[in-house]
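First comes the structure, then the notes that go with it.
The values are calculated or read from the model by the stated rules, or taken from the named source; none is laboratory data. These numbers were taken from a predicted model, which means no experiment stands behind them. Every residue, glycine among them, receives a Cβ derived from its backbone with ideal geometry; neighbour counts consider all protein chains shown.
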Amino acid sequence: MSRVGKKPITIPAGVTVTISDSQLEVKGPKGVLQTPIPKGVSFKQEDGTLTAERAGDDQAAFHGLARALANNAVVGVTEGFSREMDIVGVGYKADVQGKKILFSLGYSHPIEYQLPEGIDAKTERVNTKTSITQYQTTITLSGIDKQKLGQVAAELNRLRKPDAYKGKGVRYADRLYKLKPGKTGK
């Protein structure tokens, strides 16, 4: 039995859920999200809670998946999601200009990244404690769709993956990166 699938989802005030055969539509103060419902899984809405039920044991994996997607939609339209990315390296920086981000990541040309619809970004420069002249740029991505937000963060990370020896590049702020010692560090 799926432990995730059995948990009921509480629907906060101001959120409406519309259940159809193939998708779930969630409307809230931040926007509207639609989530697919796999075959063999159904949703019931009673007394401000939403519960997922499955037809048989062969849909156990889809049971937990459908419940998790529905919960992400409810949280997204009420609170939203955010992700922080750090740009580490001398001369590495980023600036938000409307719906695009302009990166300077050590290549011979600037990189322009167009943000998709529903994702917002803002940058902040922080002076690191290691050196007076070194600054670190933090990009805060925010949106209501968790999947789209994670995809944008992964694409930004791929622009300049963190170096294994110095850690330079576009990094996730919440991850711990283990650096290699190099030749003299043995």
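Which count do you get for residues in segment 35-77 that are β-branched (Val, Ile, Thr), within 20 Å of ASP145 (Cβ to Cβ) and touching a Lys or Arg at 6+ places or on another chain (Cβ under 7 Å)?
1
Of all residues in segment 1-38, which are farther than 20 Å from PHE62 by Cβ and of a type outside the set (A, V, I, L, M, F, W, C)?
Scanning segment 1-38 gives THR10, PRO12, GLY14, THR16, THR18, LYS27, GLY28, PRO29, LYS30, GLY31.
With respect to the numbered conditions (1) of a type in the set (S, T, N, Q); (2) assigned by TED's automatic domain parsing to the domain that holds PRO12; (3) part of a loop (DSSP other than H, G, I, E, B), which one is the sole condition not fulfilled by THR184?
(2)
In segment 101-119, what count of residues is obtained for those that are assigned to a strand (DSSP E or B) and farther than 17 Å from ARG160 by Cα? Don't jump to the end; show me each part of the working.
Looking only at segment 101-119, we keep the residues that are assigned to a strand (DSSP E or B), and these are 101-104, 111-114, 119.
From the residues that got through so far, the ones that are farther than 17 Å from ARG160 by Cα too are 119.
Qualifying residue count, segment 101-119: 1.
This table checks each residue for (1) farther than 20 Å from GLY118 by Cα; (2) in a helix (DSSP H, G or I); (3) modelled with pLDDT under 95; (4) of a type in the set (A, V, I, L, M, F, W, C).
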| site | (1), (2), (3), (4) |
| --- | --- |
| MET1 | yes, no, yes, yes |
| LYS39 | yes, no, yes, no |
| GLN59 | yes, yes, yes, no |
| GLY64 | yes, yes, yes, no |
| ARG67 | yes, yes, yes, no |
| ASN72 | no, yes, no, no |
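Every residue, every condition in (1) touching a Gly at 6+ places or on another chain (Cβ under 9 Å); (2) surrounded by 15 or more Cβ atoms within 10 Å (Cβ to Cβ), yes or no:
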{"site": "VAL17", "(1), (2)": "no, yes"}
{"site": "VAL32", "(1), (2)": "no, no"}
{"site": "ASP58", "(1), (2)": "yes, no"}
{"site": "LEU65", "(1), (2)": "yes, yes"}
{"site": "GLY76", "(1), (2)": "yes, yes"}
{"site": "VAL88", "(1), (2)": "yes, yes"}
{"site": "VAL96", "(1), (2)": "no, yes"}
{"site": "SER108", "(1), (2)": "no, no"}
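Taking only pairs six or more apart or across chains, which ones have beta-carbon atoms under 7 Å, a first residue in segment 39-57 that is among the acidic types (Asp, Glu), and a second residue that is at pLDDT 90 or above?
Pairs that qualify, where the first residue is among the acidic types (Asp, Glu) and the partner is at pLDDT 90 or above, are GLU53/SER42; GLU53/LYS44.
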